[in-house]
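Only one structure is covered here, and it is reproduced in the block below.
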Amino acid sequence: MENFKGQPRLPKFAVPKRYDLQLKPDLSACKFAGSVSIDVDIVAETRFIVLNAAELSINPGSVSFSPRNSSKVFDPKKVELVEEDEILVLDFAEALPLGLGVLAIGFEGILNDRMKGFYRSTYEHNGEKKNMAVTQFEPADARRSFPCWDEPSFKAKFKITLDVPSELVALSNMPVIEEKVNGPLKTVSYQESPIMSTYLVAYVVGLFDYVEDHTSDGIKVRVYCQVGKANQGEFALKVAVRTLELYKDYFAVPYPLPKLDMIAIPDFAAGAMENYGLVTYRETALLYDEQHSAAANKQRVATVVAHELAHQWFGNLVTMEWWTHLWLNEGFATWVSYLATDSIFPEWRIWTQFLDELTDGLRLDGLAESHPIEVEINHAAEIDEIFDAISYRKGASVIRMLQSYLGAECFQRSLASYIKKHAYSNAKTEDLWAALEEGSGEPVTKLMNTWTKQKGYPVVSVKFKDQKLEFEQSQFFSSGSLGDGQWIVPITFCCGSYDKKKSFLLQTKSENYDVKEFASDSNKSAWIKLNVDQTGFYRVKYDEELAARLRYAIEDKYLTPTDRFGILDDSFALCMARQLPLTSLLTLMGAYREELDYTVLSNLISITYKVGRIAADARPELMDNINQFFINIFQYSAEKLGWDATQGESHLDSMLRGEILTALAMLGHKETLSEASRRFDAFLKDRNTPLLPPDTRKAAYVAVMQTVTSSNRAGFDSLLKVYRETDLSQEKIRILGSLPSCPDQGIIREVLKFSLSPEVRSQDAMYALAVSKEGREVAWTWFKENWDLILKTYGSGFLITRFVSAVVSPFSSFEKVKEVEEFFANRSMPSIARTLKQSLERVNINANWVKSIQAEQNLGEAIQELAYRKY
């Protein structure tokens with residue numbers, strides 16, 4: 001018995017083949033009863049059966065094993081549920097016969113309120129609060145709903161039956177084959193599923209409306225949502241039908257199930273979950289309201305739907321063998337969701353926006369406390385923490401880099417053969433590399449192992465000397481320290497024109513490249529840009545001469561948006577790592593004053609926020625000039641866009657207007673603040689006023705909060721009133737995300753208190769954590785005071801990591817590092833260990849950055865000149 005405890009994985013002497021599962025949820029008492037009969041193949045000599053179970057009470061008298069070819073029934077002499085390992089150990093008096101048999105178990109459980117396992121979510125119907133029952137089993141929570149082999153490689157078929165109140169809708173992975181009504185209850189039976197992993201099993205019970213459509217080959221697609229919201233499912237439905245058809249062609253394999261249901265769940269921890277044939281979503285990721293949703297909401301729905309539907313092939317049909325390979329699921333689905341969205345909405349220029357994913361990956365992976373894409377997992381509690389920017393965003397970025405290197409057609413062909421080969425089974429990272437290597441003839445495994453098996457990435461330094469480019473790679477750390485990683489880097493570069501593009505693999509520490517052919521007399525001062533279109537997962541550091549040429553190329557509008565984005569983002573990262581003075585970064589930012597591309601400006605805005613915070617900690621006396629300089633940068637685009645949309649304007653302009661106006665409000669721009677106030681007053685009188693459509697509401701809300709104080713709180717109270725009156729999740733989140741931008745500490749304390757109140761669904765509380773720099777200390781004090789409550793509410797899921805990083809990371813002093821370490825000295829736990837180390841590393845990076853800015857010579861004069869320069 002002791003041999004089974006403390007093991008990361010289940011023993012392999014018994015293998016499940018089919019589950020016949022019956023469940024009876026009681027929505028008012030919030031509990032459920034169930035029984036499961038599992039066809040099990042005993043493949044090695046054993047008198048034990050070990051499977052997963054957690055938070056279930058097992059009825060020992062109900063447990064038996066019946067071999068297929070014998071009338072004998074084996075009853076266990078001991079049934080033990082080991083809660084710390086989440087295993088159920090069945091000890092029989094004698095060895096079980098090899099071959100197939102049926103394991104029967106009866107059990108009971110709780111419909112919990114922690115958004116994992118089989119849980120309850122609340123909704124209102126005709127003014128009455130009701131419960132629905134929902135599942136969320138990824139990564140390792142099917143075991144909270146029924147005893148099972150809860151690991152991705154133990155694939156089996158599932159035959160599910162639910163006993164539910166007869167007026168409710170009951171959905172599962174497969175279509176209903178029979179409903180038998182028996183008074184107040186009905187028994188709903190579903191078709192048997194193809195073989196699949198336990199984390200993809202799903203069932204939902206509640207009151208729902210739906211909209212329906214079909215793909216051209218007859219797959220029935222439905223979007224379910226709360227009663228009265230069906231029309232908000234129309235957009236996602238349209239996207240889903242088109243996406244399924246697109247993936248069928250791209251993967252050269254039809255969608256494997258007879259139907260696809262997508263359903264909006266009011267209480268939902270993640271963004272969405274790709275359960276086979278029954279995809280669950282947060283309301284904000286599935287519902288779109290023509291009247292009250294912003295362009296950014298529309299884009300979010302499209303990309304999340306495309307991401308989840310990609311999983312129906314990449315994840316569900318072909319499944320990772322173990323959580324070490326999670327990135328295969330998530331990185332791939334992220335990458336391919338952009339492919340699908342770009343095909344359906346080419347005018348969104350979504351591949352340019354992909355750079356936001358790239359940047360998020362680079363930011364996390366620049367930490368010493370990052371982890372490799374392929375990460376060892378030794379305990380179920382560790383899995384949650386790797387659903388992060390490495391698995392999703394670095395994963396997607398290295399796939400994009402590889403596709404760009406191999407070519408789109410070859411990549412697609414090889415993927416299709418990988419999916420065919422591994423359909424209905426499991427695969428590891430190396431299986432994908434083998435398929436791509438076979439299809440391309442390139443050394444994919446050798447190349448990609450440098451990107452997935454070690455953490456981090458290189459910065460490639462480039463110098464121009466004697467008509468040669470000198471390249472040198474070294475590991476990049478945001479802290480500025482030196483690392484010893486080395487990569488095989490696909491280098492691309494252009495000289496003076498995009499017609500002249502060169503590429504090679506940098507396989508050593510350094511290499512020279514002769515550019516005589518580019519360097520004709522007329523071209524002596526030509527710009528040279530590395531990592532063309534930012535397809536490579538690395539940063540570039542130019543010598544001063546090359547950097548100056550690129551700055552002129554940006555001002556003269558010679559470069560593409562992706563390259564303008566890359567130069568800015570790399571410079572910001574190098575400045576943070578203290579390899580580039582702040583003066584140089586600010587001078588470069590000045591070159592973007594006529595920028596109009598959404599993605600570039602969006603990143604410029606987020607950089608101004610970050611630089612502004614660090615500069616305020618380092619040199620508060622310079623802030624008036626710094627803010628004035630930032631306002632000058634955004635003036636051009638703000639004047640072009642104004643507050644009001646023009647007839648037929650682009651989706652990207654609609655998104656940009658809100659972001660630019662929000663930035664100006666945060667910078668204290670007087671005209672923006674007063675115009676926002678005027679429009680907000682009109683909105684309070686009429687929620688449908690054309691003066692404040694969804695795209696500019698967040699800007700107005702943020703502007704209102706800039707002037708709120710404890711003694712002048714009318715704007716705050718008005719926003720809370722709007723929050724309470726709307727039933728649209730997107731509107732609630734717009735408000736929640738705006739409230740903490742207030743500089744008044746008393747108000748911040750109220751906002752944080754409100755975030756943990758019953759008025760805010762627990763998955764949404766983190767939107768209130770993005771506090772102003774004035775609110776950091778208040779947030780930290782509040783966090784310490786409420787730690788026990790936060791732990792009780794969020795401690796069993798991944799959302800608790802969001803609290804730790806949001807509250808700790810914004811600080812910038814070495815003293816704060818000590819204080820945080822002391823607080824967590826006796827409060828740490830495996831599920832937050834990695835996040836806590838990363839957050840403290842960020843504080844140290846900030847503190848060192850502050851020190852270097854304080855020591856920077858002539859910074860004040862440079863900023864004065866930039867702030868009042870006439871163009």
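The values are calculated or read from the model by the stated rules, or taken from the named source; none is laboratory data. Please read all numbers here as calculations on a predicted model, not as lab measurements. In this analysis, Cβ positions are derived from the backbone assuming ideal geometry, glycine residues included, and neighbour counts consider all displayed protein chains. Ligands, DNA and RNA are excluded from the accessible area calculation, which covers all protein heavy atoms including side chains. Shrake-Rupley method; radii C 1.70, N 1.55, O 1.52, S 1.80 Å.
Being surrounded by fewer than 19 Cβ atoms within 10 Å (Cβ to Cβ), in a strand (DSSP E or B), assigned by the TED database to the domain that holds P139 and of a type outside the set (F, W, Y): is that true of S28 here? Break it down into steps so the answer makes sense when it comes.
Working: surrounded by fewer than 19 Cβ atoms within 10 Å (Cβ to Cβ): yes; in a strand (DSSP E or B): no; assigned by the TED database to the domain that holds P139: yes; of a type outside the set (F, W, Y): yes.
In short, no.
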Worksheet item: In the range 841-857, is there at least one residue being under 18 Å from M623 (Cα atoms), touching a Leu at 6+ places or on another chain (Cβ under 7 Å) and not assigned by the TED database to the domain that holds A389?
Response: yes
Worksheet entry | Filter pass, R9 being open to solvent by 60 Å² or more (accessible area, probe 1.4 Å), in contact (Cβ under 8 Å) with a residue 12 or more places away in the chain and touching a Gly at 6+ places or on another chain (Cβ under 8 Å) | no
Discussion item. Can you list residue pairs whose Cβ atoms sit under 9 Å apart, with the first residue in the range 533-546 being closer than 16 Å to Q486 by Cβ and not assigned by the TED database to the domain that holds G395 and the second being open to solvent by 30 Å² or more (accessible area, probe 1.4 Å) and polar (S, T, N, Q)? Count only pairs 6 or more apart in sequence or on different chains.
Written reply: G536/S404
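Here is a yes/no grid of residues against (1) out of contact with any Lys or Arg (no Cβ under 8 Å at 6 or more places or on another chain); (2) at pLDDT 95 or above; (3) of a type in the set (A, V, I, L, M, F, W, C); (4) closer than 30 Å to D570 by Cβ:
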position	(1), (2), (3), (4)
E369	no, yes, no, yes
I373	no, yes, yes, yes
M401	yes, yes, yes, yes
Y405	yes, yes, no, yes
A408	yes, yes, yes, yes
A416	yes, yes, yes, no
N426	no, yes, no, no
W433	yes, yes, yes, yes
E437	yes, yes, no, no
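Yes/no per residue for (1) farther than 21 Å from R539 by Cα; (2) in contact with a Ser or Thr (Cβ under 6 Å, 6 or more places away or on another chain); (3) in a strand (DSSP E or B); (4) modelled with pLDDT of 95 or more:
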| residue | (1), (2), (3), (4) |
| --- | --- |
| E470 | no, no, yes, yes |
| Q473 | no, no, yes, yes |
| S479 | no, no, no, yes |
| W487 | no, yes, no, yes |
| E511 | no, no, yes, yes |
| F518 | yes, no, no, no |
Worksheet item: Among the residues of the range 852-861, which ones are part of a helix (DSSP H, G or I) and loosely packed, with under 14 Cβ neighbours inside 10 Å?
Response: Q854, G860, E861
Item to complete: Keeping to the range 711-747, report how many residues are closer than 19 Å to A770 by Cα and not in a helix (DSSP H, G or I).
Response: 3
Practice prompt. Go over the candidates S64, S57 one by one and state the one that is without any contact (Cβ under 8 Å) to a residue 60 or more places away in the chain, within 27 Å of R114 (Cα to Cα) and hydroxyl-bearing (S, T, Y).
Written response: S57
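Could you please let me know if I747 is open to solvent by less than 60 Å² (accessible area, probe 1.4 Å) and touching a strand residue (DSSP E or B) at 6+ places or on another chain (Cβ under 9 Å)? Give the steps one after another, and end with the answer.
Working: open to solvent by less than 60 Å² (accessible area, probe 1.4 Å): yes; touching a strand residue (DSSP E or B) at 6+ places or on another chain (Cβ under 9 Å): yes.
So I747 fits the description; yes.
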Worksheet item: Listed residues D543, D563, D514, D533; which is crowded, with 22+ Cβ neighbours inside 10 Å and not basic (K, R)?
Response: D563
Worksheet item: Does the range 572-609 hold any residues that are in contact with a strand residue (DSSP E or B) (Cβ under 7 Å, 6 or more places away or on another chain) and not in a loop (DSSP other than H, G, I, E, B), and which are they?
Response: A573, L574
Worksheet, complete the sentence: By residue number, the members of the range 609-640 that are surrounded by fewer than 21 Cβ atoms within 10 Å (Cβ to Cβ) and within 29 Å of P694 (Cβ to Cβ) are Y609, K610, G612, R613, N627, I631, N632, Q635, Y636, A638, E639, K640
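G658: buried (at least 16 other Cβ atoms within 10 Å of the Cβ), at positive phi and at pLDDT 95 or above, yes or no?
Numbers: buried (at least 16 other Cβ atoms within 10 Å of the Cβ): yes; at positive phi: no; at pLDDT 95 or above: yes.
So G658 does not fit the description; no.
Here is a yes/no grid of residues against (1) in contact (Cβ under 8 Å) with a residue 60 or more places away in the chain; (2) assigned to a helix (DSSP H, G or I); (3) buried (at least 19 other Cβ atoms within 10 Å of the Cβ):
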residue: L791; (1), (2), (3): no, yes, no
residue: S796; (1), (2), (3): yes, no, yes
residue: F803; (1), (2), (3): no, yes, yes
residue: E815; (1), (2), (3): no, yes, no
residue: R827; (1), (2), (3): no, no, no
residue: Q838; (1), (2), (3): yes, yes, yes
residue: E841; (1), (2), (3): yes, yes, yes
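For the range 417-442, which residues satisfy the criterion of being small (G, A, S) and open to solvent by 10 Å² or more (accessible area, probe 1.4 Å)?
Passing the criteria: S417, A423, S425, A434, A435, G439, S440, G441.
I need the strands (runs of 3 or more DSSP E) fully contained in the range 161-271, keeping only those with at least 2 residues that are under 28 Å from the mean Cα position of the chain (by Cα).
169-172, 203-206, 209-214, 220-225, 259-265
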Discussion item. Being closer than 19 Å to F314 by Cβ, open to solvent by less than 40 Å² (accessible area, probe 1.4 Å) and in contact with a Lys or Arg (Cβ under 6 Å, 6 or more places away or on another chain) is the requirement here; does G395 meet it?
Written reply: no
Worksheet item: With (1) part of a strand (DSSP E or B); (2) without any contact (Cβ under 8 Å) to a residue 60 or more places away in the chain; (3) among the aliphatic types (A, V, I, L, M) as the list, and A44 as the residue in question, which single condition is left unmet?
Response: (1)
Worksheet item: Any idea which residue in the range 103-140 is nearest to the chain's Cα centre (by Cα), counting only those that are surrounded by fewer than 18 Cβ atoms within 10 Å (Cβ to Cβ) and farther than 21 Å from L162 by Cβ?
Response: E124
Worksheet item: Is there any pair linking a residue in the range 203-216 that is within 16 Å of S166 (Cβ to Cβ) to one that is part of a loop (DSSP other than H, G, I, E, B) and among the small types (G, A, S), with Cβ under 8 Å and at least six apart or on different chains, and which?
Response: none
Worksheet item: Would you say D150 is within 29 Å of the chain's Cα centre (by Cα) and over 15 Å from L278 (Cβ atoms)?
Response: yes
Discussion item. If E675 meets every condition in (1) in contact with a Ser or Thr (Cβ under 9 Å, 6 or more places away or on another chain); (2) part of a helix (DSSP H, G or I); (3) open to solvent by 10 Å² or more (accessible area, probe 1.4 Å) apart from one, which number is that one?
Written reply: (1)
Discussion item. Could you check the range 73-131 and list, in sequence order, the residues that are within 30 Å of G797 (Cα to Cα) and assigned to a loop (DSSP other than H, G, I, E, B)?
Written reply: E83, E84, D85, E86, L111, D113, R114, M115, K116
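If the requirement is being under 30 Å from M196 (Cα atoms), open to solvent by less than 60 Å² (accessible area, probe 1.4 Å) and either in a helix (DSSP H, G or I) or at pLDDT 95 or above (or both), which of these qualifies: T450, T445?
T445
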Practice prompt. Would you tally the residues in the range 680-707 being assigned to a helix (DSSP H, G or I) and open to solvent by less than 10 Å² (accessible area, probe 1.4 Å)?
Written response: 10
Practice prompt. Please verify whether the range 69-77 includes one or more residues that are touching a residue at least 24 places away in the same chain (Cβ under 8 Å) and open to solvent by less than 10 Å² (accessible area, probe 1.4 Å).
Written response: no
